[in-house]
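K.L.:
Dropping a structure here in structure tokens format, bear with me for questions.
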Amino acid sequence: MAKPVVGILMGSDSDLPVMQEAGAMLQEFGIEFEMTIASAHRTPKKVLEYSSSAEKRGIKVIIAGAGWAAHLAGVVASQTTLPVIGVPIDSSALKGIDALLSTVQMPGGIPVATMSLGKAGAKNAGIFAAQILAATDVKIANRLKVYKVEMEREVEEKAKRLVTITSIAATVKVSAPAKASAPARVAVLAKEEEPVAEGAPAKKKSRRRRWKKKPGGAAPAQGPAA
């Protein structure tokens, strides 16, 4: 079994759903990694021991994810010369802003490559670790290139599906029966209910002339004989 070359640390087991994204990306690129829990505040000795012994154990990159005060990545970086990638986790009442600031605001001389908040940041941490290792590993470099091509292909396919959906919607709209426009209906109503000018004589209703029958069923009277 190959030795792990990337170490993933997290401050609590509640951070696991986020940090699994980093592990998933490392697996996609065929990179061995190890994962453990170590808190900069609750288990500081474990963090120091892990950081100082990582290089001897063959670790080349360390990914550290934590929420709240999030000093984990900074403490790790202070104890090793290995590249450290920080993942701020949005688990606090401040929605991760505190973790982001704690991870990114490192003093000069102790760098931490800080990713974005949450799962997207953990995913990018896995990709960034692969890019660091790709500088000396051709296989990983080629897998990264394939990943980029596949990502581009997925976007193009989504764009084609969108064009198809919009074309179908436009066709259905054109083929639907046209309804009478509102102005036309208003014009018809106005014609039927044309107002009568004030003072104008009312129009007489036409009366149909009816023949009255004479008593006894006699035919109607005719004019004088010629």
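K.L.:
In Å², what does the accessible area per residue of the stretch 76-134 work out to with a 1.4 Å probe? Spell out each step's value before the answer.
P.N.:
Details: 2680 Å² over 59 residues.
Value returned for the stretch 76-134: 45 Å² of accessible area per residue.
K.L.:
Another question, if that's okay. Can you sort I37, I63 by solvent-accessible area, 1.4 Å probe, largest first? Don't jump to the answer; show the numbers that get you there.
P.N.:
Details: I37 75, I63 0 Å².
Result, largest first: I37, I63.
K.L.:
Can I ask one more? R143: accessible area at probe 1.4 Å, nearest 10 Å²?
P.N.:
110 Å²
K.L.:
Here is a further query. Convert each backbone phi in the stretch 132-146 into a coupling constant with the Karplus relation 6.51 cos²θ - 1.76 cosθ + 1.60 (shift: θ = phi - 60°), then list the ³J(HN,Hα) values in order as whole Hz, x for Gly and Pro.
P.N.:
Running phi through 6.51 cos²θ - 1.76 cosθ + 1.60 with θ = phi - 60° gives 5, 5, 5, 5, 10, 9, 5, 4, 5, 4, 5, 5, 5, 5, 4 Hz.
K.L.:
What part of the accessible area of the stretch 1-117, given as a whole %, is carbon or sulfur when the probe is 1.4 angstrom?
P.N.:
Exposed carbon and sulfur together represent 58 percent of the surface.
K.L.:
Would you kindly calculate the mean projected area, averaged across all directions, of the convex hull enclosing the Cα atoms of the stretch 78-128, in square nanometres?
P.N.:
Projected over every direction and averaged, the Cα hull of the stretch 78-128 covers 3.7 nm².
K.L.:
How much FRET efficiency would the formula 1/(1 + (r/R0)^6) give for K145 and Q27, where r is the Cβ-Cβ distance and R0 is 25 Å, rounded to 0.05?
P.N.:
It comes to 0.90.
K.L.:
Another question, if that's okay. Go through 123-136, 154-167, 76-89 and give me the packing order, highest mean Cβ count within 10 Å leading.
P.N.:
Highest to lowest by the protection proxy: 76-89, 123-136, 154-167.
The values are calculated or read from the model by the stated rules, or taken from the named source; none is laboratory data. For clarity, every value in this text was computed on a predicted model and none was experimentally measured. Quick reminder, even Gly has a Cβ in these numbers, built from the backbone with ideal geometry, and neighbours come from all protein chains shown. When the accessible area is computed, the model is the full protein with side chains, heavy atoms only, and any ligands, DNA or RNA have been set aside. Shrake-Rupley method; radii C 1.70, N 1.55, O 1.52, S 1.80 Å.
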